[in-house]
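Worksheet for the structure shown next.
Read the figures in this text as sums done on the coordinates, not as results from a lab. Because the structure is a prediction, the values reported are computed rather than measured. Every residue, glycine among them, receives a Cβ derived from its backbone with ideal geometry; neighbour counts consider all protein chains shown.
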Amino acid sequence: MTTTHAVAASTTRQRILDAAVDLVTDSGWSSITMGSLAERAGVSRQTVYNEIGTRSDLADAVVLDELGRFLAVVEHGFDQHPRALDAALRAAVQGVLERAADSALLRATVTGTTGADTELLPPLTTRASSLIEAATSVVEARIGAYAVGASAATRATVIDMLVRTVLSHVMQPAGDERRTATRLADVVAGVLACHGQVGDSGRAT
């Protein structure tokens with residue numbers, strides 16, 4: 001496939017996913033058919049099947065696409081504070097929680113306020129391993145840029161705890177995003193900082 005064709009295919013797939021999100025937030029997941037999705041995206045039904053696959057594949061693809069947007073928020077949080085791990089963690093977690101609060105797709109999925117059935121929930125709950133793996137990979141890579149005193153095993157455990165806790169807060173918000181982010185960041189940075197500076201005074205050495 002040439003670069004031009006690859007870009008076109010990527011654009012088509014994204015247009016289909018964007019159309020699916022629009023339909024979910026407008027009238028709920030249960031109302032989506034491949035025909036209605038094709039019509040909203042401006043493509044043929046066969047194109048939808050070629051690009052996405054089955055309805056179950058569509059649910060997974062929609063959730064993973066939304067995950068990509070959340071991970072971009074995480075990346076931005078770390079980019080804002082390249083020399084202060086605790087501040088980076090606060091920014092990343094707060095950004096994720098604020099996006100979750102503003103996500104019409106997430107609200108429709110979790111609360112069912114627009115008639116969404118439970119088909120979008122498994123990728124977020126019982127089949128959430130791919131989400132956790134992707135998020136863990138990003139957080140591990142970003143934390144790896146800071147000098148921390150914790151062992152590799154401790155670091156892996158703490159990151160797993162952080163990712164799963166944030167996902168829990170995304171699904172069931174606990175209130176003020178800033179306060180939640182601060183508490184989580186303080187705990188994680190505190191455990192990781194067995195020695196050296198990882199706070200606002202600068203990057204650890």
Notebook entry, point to check: Using only the Cα atoms, what convex hull volume per residue in Å³ does region 44-116 have?
Noted result: 110
Item checked: Karplus 3J(HN,Hα) series, Hz, for region 29-42 with 6.51 cos²θ - 1.76 cosθ + 1.60 (x for Gly, Pro) -> 4, 4, 7, 7, 10, 4, x, 5, 5, 4, 4, 5, 7, x
Next item on the list: In whole Å, largest first, what are the principal axis extents of the Cα atoms in region 9-48?
Entry: 26, 15, 11
Notebook entry, point to check: Given labels modelled 7 Å from the Cα in the Cβ direction, how far is it in nm from S130 to R69?
Noted result: 1.8
Next item on the list: Tell me which residues come under 5 Å, amide H to amide H, from A150 once H is placed; ignore anything under 5 positions away on its chain.
Entry: C194, H195
Notebook entry, point to check: Sorting S103, S27, S168 on the 10 Å Cβ count, fewest up front, what's the list?
Noted result: S168, S27, S103
